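Every read-out reported here was derived from the displayed coordinates using simple, explicitly stated rules and does not represent laboratory data. Computed from a prediction, not measured in an experiment: that's the story for all the values here. Virtual Cβ from ideal backbone geometry, glycine too; neighbours counted across all protein chains shown.
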Amino acid sequence: MFSGAVILGQKRVIHKCLLCGREFYEGEVEAFHDHAAKHARQDLDDIRALAPSHINKGKLFDPAERDRDLERHWRSVRRDMKREGRTEVRPNEMAERGD
Ligand SMILES: [Zn+2]
């Protein structure tokens with residue numbers, strides 16, 4: 001009587017749609033491809049928003065936001081701290097970001 005449910009429970013999820021969360025089970029590869037194609041036609045902006053280059057835009061890990069002077073400063077602070085065996089940053093080592 002419950003055999004249908006048991007078989008469903010044993011099905012392995014092969015794909016989960018990142019856009020709508022729908023799960024696809026073994027034997028549904030083609031359905032997944034159709035589903036992805038449907039999204040590609042209808043939800044291009046949502047798909048783009050999932051790309052790392054868009055997720056990171058304007059945030060810390062956006063390569064365009066990289067401040068090499070700031071990086072150099074903190075590398076040298078870290079080196080001094082290790083050498084002197086301290087765990088606190090001195091007030092005069094705090095960097096102001098100068099744009
Ligand atoms: Zn979907």
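Taking Cα atoms, how many degrees apart are the long axis of helix 68-84 and the longest axis of the chain, rounded to 10 and kept between 0 and 90? On a 0 to 90 degree scale, this one is about 70.
Each Lys and Arg adds +1 at its Cβ and each Asp and Glu adds -1 at its Cβ; summed about the Cα centre, segment 10-87 shows a dipole of about 640 debye. Partner lysines whose Cα lies under 16 Å from the Cα of Lys38, excluding those fewer than 8 positions away in the same chain, are identified as Lys16.
Taken one residue at a time, the phi angles of segment 26-34 give Karplus couplings (6.51, -1.76, 1.60, θ = phi - 60°) of 3, x, 10, 4, 5, 4, 5, 5, 4 Hz. Gly and Pro are set to x. When segment 10-87 is described by a simple charge dipole with +1 on each Lys and Arg Cβ and -1 on each Asp and Glu Cβ, the residue from Ala37, Leu19, Pro52 located farthest towards its positive end is Pro52.
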